[in-house]
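Each reported figure results from applying straightforward, stated rules to the coordinates on display, with no laboratory input. Just so it is clear, the model here is predicted, and its values are computed rather than measured. Every residue, glycine among them, receives a Cβ derived from its backbone with ideal geometry; neighbour counts consider all protein chains shown.
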Amino acid sequence: MFDYPVTLTPDDGTVLVTFADVPEAITFGADEEEALLNAIDALETGLPFYIDARKPLPAASEPAAGQKTVRLAALECAKLGVYQEMTEQGIKKAELARRLGWHMPQVDRLFDLRHASKLDQIEAAANALGKHVHVRVA
C-alpha cells in the first residue's frame, strides 16, 4: 500500500535517491545500501508535507521490473492508512478529535510520523472512521 518505487541514480561518487510519486523526498547515500536507508528518512520527511497541507497522500505507483521500493515502518504505515481513510471520507482533524474525545494536539501527534504513537491510539482513530487496523507478520 505504501511501497514507493525509488529511483537510484549514480551522482558524482554518491547515489541520488528520488521518488516519482513523492517528489519532496530526495536524499543520497555513499552507496546503494546507505541510499536506501536514507530513503526511508526522506519519505518520513516528504509525506508530512501532504498531511500538513491536508492533501491526499500520493498513491504508490507500480515499480518497474527490478526497481526497488521503500516502505516506512509498520506504525508509520498505520498512521498513513488512518490519515488516508480520513481524507477519503472528507473528515477533518477537528471532527476526528471530536469523535475520539481528544484534544487537537493529540490528533496532530497521531499523524506525526516521527512521534511514537501507541498502536491503541491508531486503532481508536481507525475505529472512529468505521475501519480496523490489521497487523500480520509475513
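Of all lysines in the structure, those lying under 22 Å Cα to Cα from residue 55, and not within fewer than 8 positions of it along the same chain, are 79, 92, 93, 131. Taking θ as phi - 60° and the Karplus parameters 6.51, -1.76 and 1.60, the scalar couplings of the range 45-55 work out to 8, x, 5, x, 4, 6, 5, 4, 8, 6, 9 Hz in sequence order, x denoting glycine and proline.
Taken one residue at a time, the phi angles of the range 15-25 give Karplus couplings (6.51, -1.76, 1.60, θ = phi - 60°) of 10, 7, 10, 9, 10, 5, 7, 10, x, 6, 8 Hz. Gly and Pro are set to x. Between residue 120 and residue 136, the contour length at 0.36 nm per residue exceeds the alpha carbon distance by 4.2 nm. Positive end of the dipole of the chain (Cβ unit charges, origin at the Cα centre): among 78, 60, 90, the Cα lying farthest that way belongs to 90.
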